[in-house]
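A.B. asks: Quick one: the structure is below, and I'll ask about it shortly.
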Amino acid sequence: MKIVVLVKEVPDTWGERFLNLETGLADRHTSARVIDEIVERGLEFAISWAAKNPGTEVIALSMAPVEATTNIRKALAMGADRGVLVSDEVLVGADITLTAQVLAAALTHTGYDLIVAGDQTTDGAGGVIPAALAELLDLPLLSRLASIDVTGGKVRATHISERVTLSLSSSLPAIVSVTERFPDPRLPNFKGIVSAKNKPLEILSVADLGATIDVLESPRAILTDVEAKPPRVAGRREVEDADSGKRLADFLRQNQLA
């Protein structure tokens, strides 16, 4: 059994994040870069399942700058067996469709039985990469899941939304996307950190995947405008007195909050 987890590196969720006003791209050098928190939950599922099912290989796959090897090593320290990083200058600023095409080529390169992704990440929050991969690879997609069970060559899962809970199943190979309902990820221990240094980590270019540069260089999305977030202003303070209720009501009406 081969489980491939799509590892997305994002700016620190709890740190300040900025856009480059010239390119419109996220400035990934102004804060720490970490594995997306929902992706880590997917990693936890894959590693826990592999521990109970000998013969399972867990692969951490990412498309990112070469500096992302640090976070791939973290995935290996958590318990993944090997890492694959697609890193190429032609991919800078890649949009969702280009990202999906490259990841599909990388997945064909690694092979897979089950592909695990987060339902969306905290940087772009597009939430469509799993569906795009399902289309490109002609695979069934079980999305926005709260639980997964893999037995007898099938994956069974629970999909939960605001209005409905569904029980889903599919034969393998398949793609699943997990949500924050999955258990918290483990922290790498000392043994895991040491062993991660000796686990294989393959770095691939677009050419290594056999993808055509002419297609990849075609623009998919065009930035038309970008501006900085307005600075935060001091809040308005009110001291309680006989007229404070009226001032509060006026404030709510003026700001269309009531």
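Since every read-out is calculated from the coordinates, none of them should be taken as a lab result. Computed from a prediction, not measured in an experiment: that's the story for all the values here. Glycine gets a Cβ as well: all are built from the backbone with ideal geometry, and neighbour counts include every protein chain shown.
A.B. asks: Going through the DSSP H helices of the chain, which span 20 Å or more along their own axis at the Cα atoms while scoring at least -1.0 as a mean Kyte-Doolittle hydropathy?
C.D. replies: On the way: long enough: 37-52 (23 Å, 0.26); 96-110 (21 Å, 1.19).
Sorted by number, the helices that extend far enough and score high enough are 37-52, 96-110.
A.B. asks: Here is a further query. Tell me the relative contact order for the chain as a rounded percent, counting alpha carbon contacts under 8 Å between residues six or more apart. It would help to have the intermediate numbers written out before the result.
C.D. replies: Numbers: 441 pairs, mean separation 57.8, N = 258.
Taking the mean separation of contacting Cα pairs over the length of the chain, I get 22 percent.
A.B. asks: Also, quick follow-up: Taking only the alpha carbons of the range 2-216, what extent do you get along each of the three principal axes, in Å, biggest first?
C.D. replies: 49, 40, 37
A.B. asks: Hey, can you grab everything whose amide H is under 5 Å from the amide H of S147? Only 5+ residues off in sequence or another chain; H modelled, so Pro and N-termini drop out.
C.D. replies: When sequence neighbours closer than 5 places are left aside, the close amide H contacts are T158.
A.B. asks: What FRET efficiency do you get for T224 and M1 if R0 is 41 Å and r is their Cβ-Cβ distance, rounded to the nearest 0.05?
C.D. replies: Working: r = 45 Å, r/R0 = 1.11.
So the FRET efficiency works out to roughly 0.35.
A.B. asks: Pulled fully out, how much extra length does the chain show between D95 and S48, if you take 0.36 nm times their separation in residues and subtract their Cα-Cα distance?
C.D. replies: Length gained, D95 through S48: 13.7 nm.
A.B. asks: Go ahead and run the numbers for FRET between S205 and L172, Cβ-Cβ distance against an R0 of 22 Å, rounding to 0.05. Working shown, then result.
C.D. replies: On the way: r = 30 Å, r/R0 = 1.35.
Efficiency at R0 = 22 Å is approximately 0.15.
A.B. asks: Using a Gaussian network for the chain with springs between C-alpha atoms less than 10 Å apart, which of these wobbles most: A157, A234, A50?
C.D. replies: A234
A.B. asks: While we're on this one: How big is the charge dipole of the range 85-196 about its Cα centre, in debye rounded to the nearest 20, if each Lys and Arg gets +1 on its Cβ and each Asp and Glu gets -1 on its Cβ? If you can, show how the numbers build up before the last one.
C.D. replies: Details: 7 positive and 12 negative charges, 108 e Å.
Value, rounded to 20: 520 debye.
A.B. asks: Rounded to the nearest 5, what % of the DSSP beta bridges within the range 2-216 are antiparallel ones?
C.D. replies: Working: 17 of 42 bridges.
Roughly 40 percent of the DSSP beta bridges within the range 2-216 come out antiparallel.
A.B. asks: May I ask you to evaluate 6.51 cos²θ - 1.76 cosθ + 1.60, the Karplus curve with θ = phi - 60°, for each residue of the range 160-170 and list the ³J(HN,Hα) values in order in whole Hz, giving x for glycine and proline?
C.D. replies: 10, 10, 5, 10, 8, 10, 10, 9, 10, 8, 7
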